[in-house]
Amino acid sequence: MRAVRQHAYGEPLVVEEVDAPVAGDGETVVAIAYGAVNPLDVWISAGAVAVAGPLPRTPGCEGVGTTADGRRVAFRGAGLGLVRDGAWAEQVAVPDVALAVVPDGCSDAQAAALGIPGVTALDCLDLAEVGSGSTVLILGASGGVSTIALQLAKARGARVIAQTTSPNRVGQVSRFADEVVVCAADGVEDEVRALAPDGVDAILDPLAGDFSAPCVRLLAPNGALVLYGASAGPAFSFQPQEMYRKNARVIGYSGLPVAPADTAHAMESLFAMVAAGTLDPVIADELPLDEANDAVARIRENRAGGKLLLRP
């Protein structure tokens with residue numbers, strides 16, 4: 001079968017003929033319809049994830065496909081693309097505990113767009129306790145996680161303020177947000193304060209860097225900032241009194257420690273929302289396996305514009 005392979009970190013990916021996978025105990029072979037492309041895959045390919053296993057390896061931490069008995073399933077995590085071969089291939093062996101059933105009314109492409117970004121958005125909103133009446137600021141609002149978080153927060157009855165640095169993406173973001181601010185880190189506090197003078201109850205932050213200090217200042221009393229990325233820079237710094245005087249919280253989130261069964265359950269809840277018409281993943285492009293390097297470059301250079309999917 002054909003599969004994308006990584007032989008060394010930092011080098012281009014190649015597509016090769018490899019042996020088809022054989023299911024071990026507690027595993028199922030899935031014929032891939034789509035392998036999703038995520039920032040996590042980009043970090044792994046660059047050698048920036050310390051727990052990654054030996055090379056060569058097939059990338060792809062999540063995907064969607066069909067089992068031999070005809071079930072449509074999605075999967076993410078469980079070491080796929082990290083310490084074992086992943087989803088950027090025609091077939092992959094997946095631990096049964098990681099399999100989530102895809103229902104009628106949710107397409108393969110929609111399901112493939114929801115694994116890592118959808119579960120991350122759901123978990124971050126839960127950590128921040130976003131609910132009806134909350135005001136939430138979502139940074140980097142055109143990103144994969146943020147686009148889903150906007151919709152989930154609105155479905156919970158929250159007021160949603162979206163931030164983007166790109167005027168070209170206001171149209172995409174405004175589909176789901178109540179208000180949109182277009183600004184860099186040095187303008188975010190003033191722009192958001194003009195809309196929410198008393199601050200915001202929750203912030204979802206994939207940026208860090210220079211956004212950290214103004215965003216901590218924007219938190220209302222008992223507010224929470226959930227940090228799940230650092231695309232604006234590796235530092236996260238603020239004056240501690242800006243947090244403790246308000247009983248505010250800064251919480252870190254990563255999906256890597258989440259149990260595969262919990263992830264599968266969360267994915268199925270997201271698929272049900274798609275089937276019900278209350279969640280609409282934004283898919284930017286479907287690419288063949290041979291264009292895996294282009295997909296990685298588009299994410300690394302922040303020009304994906306939505307979810308990128310690879311099809312065998």
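Brief remarks on what is shown
- Tabulated pairs, region 31-44, first farther than 23 Å from Asp19 by Cα, second open to solvent by 10 Å² or more (accessible area, probe 1.4 Å) and polar (S, T, N, Q), C-beta under 9 angstrom, 6+ apart or interchain: Pro39/Ser231
- Of the numbered criteria (1) open to solvent by 10 Å² or more (accessible area, probe 1.4 Å); (2) of a type outside the set (Phe, Trp, Tyr); (3) touching a helix residue (DSSP H, G or I) at 6+ places or on another chain (Cβ under 9 Å); (4) in contact (Cβ under 8 Å) with a residue 60 or more places away in the chain, the one Ala111 fails is (1).
- Residue selection: Asp210 satisfies the criterion of being open to solvent by 20 Å² or more (accessible area, probe 1.4 Å), part of a helix (DSSP H, G or I) and free of Cβ contacts under 8 Å to residues at least 60 places away in the same chain.
- Helices (runs of 4 or more DSSP H) contained entirely in region 220-312, each with at least 1 residues that are open to solvent by less than 40 Å² (accessible area, probe 1.4 Å): 260-275, 292-300
- Taking the criterion of being hydroxyl-bearing (Ser, Thr, Tyr) and over 17 Å from Ser231 (Cα atoms), the residues of region 122-165 that qualify are Ser132, Ser134, Thr135.
- Evaluation of Asp104 against (1) more than 15 Å from the chain's Cα centre (by Cα); (2) over 21 Å from Thr278 (Cα atoms) (one fails), failing number: (2)
- Candidates in region 16-30 are the residues that are open to solvent by 50 Å² or more (accessible area, probe 1.4 Å) and hydrophobic (A, V, I, L, M, F, W, C); of these, the one that is farthest from Gly60 (Cα to Cα) is Val22.
- Region 136-180 - residue that is buried (at least 22 other Cβ atoms within 10 Å of the Cβ) and hydroxyl-bearing (Ser, Thr, Tyr) and, of those, modelled with the lowest pLDDT: Ser142
- Meets criteria (assigned to a strand (DSSP E or B), surrounded by 16 or more Cβ atoms within 10 Å (Cβ to Cβ), of a type in the set (Val, Ile, Thr) and in contact (Cβ under 8 Å) with a residue 60 or more places away in the chain) for Ile203: yes
- Some residue of region 49-66 being closer than 23 Å to Ala8 by Cβ, surrounded by 16 or more Cβ atoms within 10 Å (Cβ to Cβ) and free of Cβ contacts under 8 Å to residues at least 24 places away in the same chain: no
The values are calculated or read from the model by the stated rules, or taken from the named source; none is laboratory data. Everything numeric here is computed off the predicted structure, so don't read it as measured data. Positions of Cβ are backbone-derived with ideal geometry, glycine not excepted, and every protein chain shown enters the neighbour counts. Keep in mind that these areas ignore ligands, DNA and RNA; they rest on the heavy atoms of the full protein, side chains included. Shrake-Rupley method; radii C 1.70, N 1.55, O 1.52, S 1.80 Å.
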